[in-house]
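Quick notes on the structure that follows.
Taken together, the values in this text are just the output of simple stated rules run on the coordinates, not laboratory data. Computed from a prediction, not measured in an experiment: that's the story for all the values here. Counting neighbours? That spans all protein chains shown, and the Cβs are built from the backbone with ideal geometry, glycine included.
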Amino acid sequence: MAVPPNVNPADFEAALSLWRSAVGADWVFTAAEDVALYRDAYSPYWAEPEERLASAAVAPATLEQVQAVVRTANRYRIPLYAISTGRNLAYGGSAPALSGSVVLDLKRMNRVLEVNERNAYALVEPGVSYFDLYDHITKAGLDVWIDAPDPGWGSLIGNALDGGGGWTASPFRDHFGSHCGMEVVLADGEVVRTGMGALPNAKSWQHYKWGHGPWVDGLFRQGNMGIVTKMGFYLMPRPEAYISGTVQVYREEDVVALLDTLNLLENQHVVNGSTALYYGDLENIYGSVRDQATPGTPAWSLVLPIYGPEKVIRAQLEYARDKFARVPGMRFVEGELLRTPLTAEAQKRVHQVNFGIPILAIFSMLGRSPANPAPAGGHIGFSPVIPRTGESVLEYQRYYRENMAAMSAGKETGIVGPVFLTNWERSMVALMMFPIGRDKASNSRMRLAFARWVTKAAEHGWAEYRAPTPFQDLVAQTYSFNNHALLHLCETIKDAVDPNGILSPGRYGVWPKHLRKG
Ligand SMILES: Cc1cc2nc3c(=O)[nH]c(=O)nc-3n(C[C@H](O)[C@H](O)[C@H](O)COP(=O)(O)OP(=O)(O)OC[C@H]3O[C@@H](n4cnc5c(N)ncnc54)[C@H](O)[C@@H]3O)c2cc1C
């Protein structure tokens, strides 16, 4: 049995025994085949010494059990790594940031505590997946939508805490941004409720997120200051209808006017859906190739989904069309109007995630296909945030082409991108995906390439908003303004709230004092 770093085996045995009494022997896992389930299937270090591995796992079912587990860990200084559903594929899976940590698996805490249709919110525990909440809402016949990421098997809490996002309307797509109120267990076992939840008889915990005084919720997003045991989320009242339009322009430089117009429409809240910018024609989802040989192929295509009452969205689309008409030579194609709830036939035609329905179809898109006969099996995402301007897109494209040619030398095949994601309001993510599989030599090349992209992008003033666990230190180091002042502030807070450094050490580059390097 593996033992956590800096913990003596007798102490670990004592802790395991206390955990067994707290949560039941069946829910403390030390056997190799059980612990192996917490490996990151997309680890870029798969089966190499640097792969991040857990030593054990413990799965409490209640808040009180979480407190008991944490108190024991704090007493014996055992690092814990909390996960909700642990499906963080492409960003670390359910494996810890520090090898040897004990995974605190919160899947069993899977109660939907409240869904309030009138005020459109939900309060859930960490183990509640998007599928669970969707089932709950559907069975209860409530008229609210959820916003799921592409794979619906993850959890609202885990996804939000990792900075995840989805595909319906703004503001619901930003999962942390649309949360309201948390319950958190701190390293000493204390329970804190944030926002209005700090009132003992709170009546508006999920109605007003800011509460009174400093807002601390941000410490738990991509953080390691506490274990979240409840979280509120805004839900979207079912929009009556959906319409989309597609704008196409034929000169590369017209992306400038295209995005300026889009920004205006989004900032005016005229366009509220998850827009998509394609280089070339619509089917080119990976955005990096334009078929310049075919006459009349657009340089850029932009899809504009709008949700709301039918009359209103028709007017919004018309207004958008008028605004885009100022872009010389543009072509505007109005899409189909769909009324909700969707008919069974319509459901088959649409990407259901855009309609609040969680699915797993994304995995078939990335699986074996005639276009991709030998998929690596997994990938890691490089997600730098760039300004939402056409000039930035053109600059990023130039940078991508130059660096791909210089960096790959024909070896780093299979890197896909850049996909210009406009689902975060006011910014853009130039996503690239690096294939990861079981071939150590290829994984090693991908790691090197990934690290080079992180460093080179930072030289241009672009950095990632989210990173796979093995690269979180590197990315944190790029946020180095004023001698890493931001990281130092996080470390100071970490030392104060978790002096023994037991909660997810190293997550997003924040290490406790005794594990800090240099
Ligand atoms: C093909 C593909 C498509 C994807 N598409 C999307 C997408 O559209 N949008 C998107 O956002 N992601 C996407 N992902 C990434 C990822 O799979 C999802 O974000 C997934 O929802 C995260 O897993 P989870 O919800 O189980 O979170 P978890 O794995 O449970 O949590 C993520 C991390 O948050 C922390 N954490 C979790 N719970 C707690 C807690 N209770 N207290 C303290 N810390 C906690 C831990 O550090 C944990 O590692 C995609 C991945 C793949 C492979």
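What to note about this one:
- Judged by the ratio a/c of the largest to the smallest principal axis of the C-alpha gyration tensor, the range 122-183 counts as rounded, that ratio being less than 1.5.
- Distance from the range 440-518 to the range 32-72 (C-alpha centre basis), Å: 21
- Assigned charges on the beta-carbon of Lys, Arg, Asp, Glu; the chain dipole about Cα centre (debye): 240
- Per-residue 3J(HN,Hα) values for the range 198-204, derived from phi via the Karplus relation 6.51 cos²θ - 1.76 cosθ + 1.60 with θ = phi - 60°, read 6, 6, x, 10, 3, 10, 9 Hz in sequence order (x marks Gly and Pro).
- Here the extension length gained between His207 and Ala451 equals 83.6 nm, from 0.36 nm per residue of separation less the Cα-Cα distance.
- Share of alpha-carbon pairs per 5 Å distance bin for the range 448-511, given as whole %: 4, 17, 26, 22, 17, 8, 5, 1
- The range 78-128 and the range 308-329 have Cα centres lying 40 Å from one another.
- The simple Förster model, with R0 at 56 Å and r as the Cβ-Cβ distance, assigns Arg108 and Arg251 a FRET efficiency of 0.50.
- The chain - Rg (one decimal) and Dmax (whole number), Cα, Å: 23.5, 74
- Karplus-derived HN-Hα couplings along the range 146-163 (A = 6.51, B = -1.76, C = 1.60, θ = phi - 60°), whole Hz, x at Gly and Pro: 9, 10, 9, x, 4, x, x, 7, x, 10, 4, 6, x, 5, 5, 5, 8, x
- The calculated pair-distance distribution of the range 1-127 uses every alpha carbon pair, bins of 10 angstrom beginning at 0, and gives 13, 42, 29, 12, 3, 0 percent.
- Take 497-510, 350-363, 329-342 and order them by the average number of nearby Cβ atoms within 10 Å per residue, most first; the result is 497-510, 350-363, 329-342.
- Shape analysis of the range 112-237 yields a ratio of the Cα radius of gyration to the Kirkwood radius, Rg/Rh, of 0.94.
- Helix-only CD estimate at 222 nm, as mean residue ellipticity for the chain, using -39500 (n - 2.57) per DSSP H run (n ≥ 4): -9000 deg cm²/dmol
- Spin-label model distance (nm) - Asp34 vs Tyr479, 7 Å beyond Cα toward Cβ: 3.6
- Calculated from backbone phi, Karplus (6.51, -1.76, 1.60) coupling profile of the range 496-503 in Hz, x at Gly/Pro: 6, 8, 9, x, 8, x, 9, 8
- Among 131-140, 224-233, the peptide with the highest mean count of other Cβ atoms within 10 Å heads the list, and the full ranking is 224-233, 131-140.
- Protection proxy ranking of 14-23, 485-494, 144-153 - average other beta-carbon atoms within 10 Å, highest first: 144-153, 14-23, 485-494
- Förster radius 30 Å - calculated FRET efficiency between Glu425 and Glu334, Cβ distance, rounded to 0.05: 0.80
- Relative contact order [Cα under 8 Å, 6+ residues apart], the chain, whole percent: 16
- With only Cα atoms counted, the range 10-58 has Rg and Dmax values of 12.8, 37 Å.
- Electrostatic dipole magnitude of the range 182-264 [Cβ: Lys, Arg +1; Asp, Glu -1; Cα centre; debye, to 20]: 460
- Lys-Lys pairs in the chain that are eight or more residues apart or on separate chains and whose Cα atoms lie under 16 Å of each other come to 6.
- Histogram of C-alpha separations across the range 378-468, 5 Å bin width, %: 3, 13, 27, 26, 17, 9, 4, 1
- Helix 130-140 vs. the chain, principal-axis angle (Cα, 0 to 90°, nearest 10): 80
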